[in-house]
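One structure is given here, and the rest of the page talks about it.
Rule-based calculations on the coordinates, nothing more; no lab input. Since the model is a prediction, treat every value here as computed from it, not as a measurement. Please note: Cβ atoms are built from the backbone with ideal geometry, for glycine as well, and neighbour counts cover all protein chains shown.
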């Protein structure tokens, strides 16, 4: 299978397939939009949290400048100035308290003292060491994780609040010396509200984006699908016309076998006509030796001639385009036996038939092959003495369908085997050998093989091998 055939397998051919393909495409589009929404949401949320941390950092530095400008600012250490600046920044609204950490990231103090000590996270400490603020939003924080004690704790009721943990580095303004870090614990209701507004806006944007993209996708793909349907219908019509043309060519090829069939007819008529001519000549000469056996032979010959004519007309009509039908191997064998039954009965020969499996063959192939089998069976009946048996068997050998005709005669003369299928040579008295020659010609036309498989004093075996490609239902 080349790339084009592989690609065409995934092109929708029906509206149901198109709907399924659109559903898959819209699912991929929805997944893409959702992934983008999640990414943008996380980035914007990080910016919101970081914004408050940066604002507290800037406020702390400004408070440092105010403290240093006071009269006693020069009496305080730099660590004390940073500490006081952070405490003064805690007066901002919604700040619940501050945790202080030294330069090694260890907790050492809190304001107010009721603030619950908590370790400083690695990410927050790393950012502070680089003199950068760091923010982290916790949507559901227990109050006993923030405060050591509150009056409500005595009732056993511990509420939960959203919190924003903003960690700012403590260092001197304009200097890189790191003194420690201050972690502001801030009520996060405002951040929660911003998150909710952000989610609503992003959901609206994502929905609008998905709707517009889906409409554009439908607007582009639907006309293309309709055009593809028209092309498929056109291709189907061309395929039908091509199939009809191929059938007509096949019929024309069948007609080429009419010559062979006609020659077969002439061969079949030759000996019966000779017998009738001899009988009529004796009658005309007034020969009184004519008895009932001769009359019976003439009648049998005329009947054989009539049957042969009917078979030939049937095959010619089939080759000219009569409706074809199907035959099984068993039906084909029974039909061949029926055609030679009269001659077999007249000569006292029994015709047996055996088949392994039951393949299906078109009537046109069966009729042409039947002419070969009838000729071979007639020859076998004539070669078999009265009381003998002629056997027809069918078997499968790989990709070939094998017909074997075994007679009970004395074998085929070795002198004639070299020119077995050439006309003018025959082992029977008065025969011309045209029958085998024509049978060989018809076998070649069918792509079959006709050979003398065995010849001995016990009889001959002729083998007709049909290719399985002529069978409609090969498994047999």
Zone reached by a paramagnetic label modelled 7 Å from residue 245 Cα along Cα→Cβ, restricted to the stretch 217-236 with backbone N below 14 Å, covers 235-236
Rounded to the nearest 0.05, FRET efficiency between residue 153 and residue 19 (Cβ-Cβ, R0 45 Å) equals 0.15
Under the 7 Å Cα-to-Cβ spin-label approximation, residue 208 and residue 422 lie apart by a distance in nanometres of 9.6
In this structure, the FRET efficiency calculated for residue 47 and residue 217 from their beta-carbon separation, with R0 = 25 Å, to the nearest 0.05, is 0.20
Mean Cβ-within-10 Å packing, highest first, puts peptides 116-126, 196-206 in the order 116-126, 196-206
Here FRET efficiency (C-beta to C-beta, residue 335 to residue 236, R₀ 45 Å, nearest 0.05) is 0.75
Residue 399 and residue 350 label points (each 7 Å along its Cα→Cβ direction) are spaced in nm at 4.0
Contour minus Cα-Cα span, residue 452 to residue 34, at 0.36 nm per residue, comes to 142.7 nm
For the pair residue 199 and residue 161, the simple spin-label estimate (label points 7 Å beyond Cα toward Cβ) gives in nm 2.1
